[in-house]
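Just below is one structure, and these are the notes that go with it.
FYI, it's all coordinate maths here, none of it is from the lab. Computed from a predicted structure; not experimentally measured. Ideal geometry is used to build each Cβ from the backbone, glycine not excepted, and the neighbour counts take in all protein chains shown.
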Amino acid sequence: MLELKPQVLEFPIVNDERGKLSVVEGLKHIPFDIKRIYYLYDLPGGALRGSHAHKELEQIIISISGSFDVTLDDGESQNTFSLNRAYLGLYVPKMHWRTLSNFSSGSVCLVLASEEYLEDDYIRDYDAFLKKVKGQG
Ligand code: TYD
């Protein structure tokens, strides 16, 4: 399927006079099966989310409504993706430090995840993340 690097994926849009519908199927439109979804909403102005990496978890981040930025850091370089369309999803591979910011008022962030919630999969310390990326952790 697709190369497992950060990238914005475009999902199918079914459009008629009643509006638009987009669809995401695990292992078809994205490179993993979906085990969990969660969403961020009612975000106060200036909110920062994320600021962690995952050892194994892969995710798709979708701006279902409004807009926000996602900065991804693989330990060597950083890339910021601006999400503002409900038919676009950012693929976040494992071992990428992510920070979500600049949420517009009323924005909703939907996350599709490859695994169930597991606190042990989180790396919440940036120095520990860098060490692990460099094979020292
Ligand atoms: P966290 O992943 O740190 O939030 P974010 O990356 O959006 O800033 O999670 C925040 C809290 O919510 C943390 O205490 C764990 C809890 N949580 C769950 O219980 N289940 C979940 O699926 C997620 C994503 C978080």
In whole Hz, the Karplus estimates of ³J(HN,Hα) for region 85-94 (6.51, -1.76, 1.60; θ = phi - 60°; x where Gly or Pro) are 9, 6, 9, 10, x, 8, 7, 10, x, 5
Residues in region 40-55 that a label on ALA128 would reach, taking backbone N under 12 Å of a point 7 Å out along Cα→Cβ
52-55
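When Lys and Arg each count +1 and Asp and Glu each count -1, what net charge do the other residues less than 11 Å away from THR80, Cβ to Cβ, add up to?
Values: positive: ARG98; negative: ASP69, ASP73.
My count for the surroundings of THR80 gives -1.
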Loop-located GluC sites (Glu not before Pro) in region 3-85, at most 11 other Cβ atoms within 10 Å (DSSP)
GLU3, GLU17, GLU25, GLU56, GLU76
Between GLU10 and LEU27, what is 0.36 nm times their sequence separation minus the Cα-Cα distance? Round to one decimal in nm.
4.7 nm
Suppose R0 equals 22 Å. What FRET efficiency, 1/(1 + (r/R0)^6) with r the Cβ-Cβ distance, do GLN136 and ASP74 give to the nearest 0.05?
0.90
Chymotrypsin sites (Phe, Trp or Tyr not before Pro), restricted to region 35-137: which are DSSP loop and have at most 11 other Cβ atoms within 10 Å?
TYR117
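If each residue of separation counts as 0.36 nm, what is the full-extension length gain between ILE64 and GLU17 once their alpha-carbon separation is subtracted?
Extending this stretch completely gives an extra 14.9 nm.
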Give me the net charge for the shell around VAL70: Cβ to Cβ below 12 angstrom, other residues only, Lys and Arg +1, Asp and Glu -1.
0
Which number gives the lysine pairs in the chain that have C-alpha atoms under 25 Å apart and are eight or more places apart or on different chains?
19
Under 5 Å between amide hydrogens, which residues at least 5 positions from GLY50 or on another chain qualify, with H placed 1.01 Å from N in the peptide plane?
LEU100
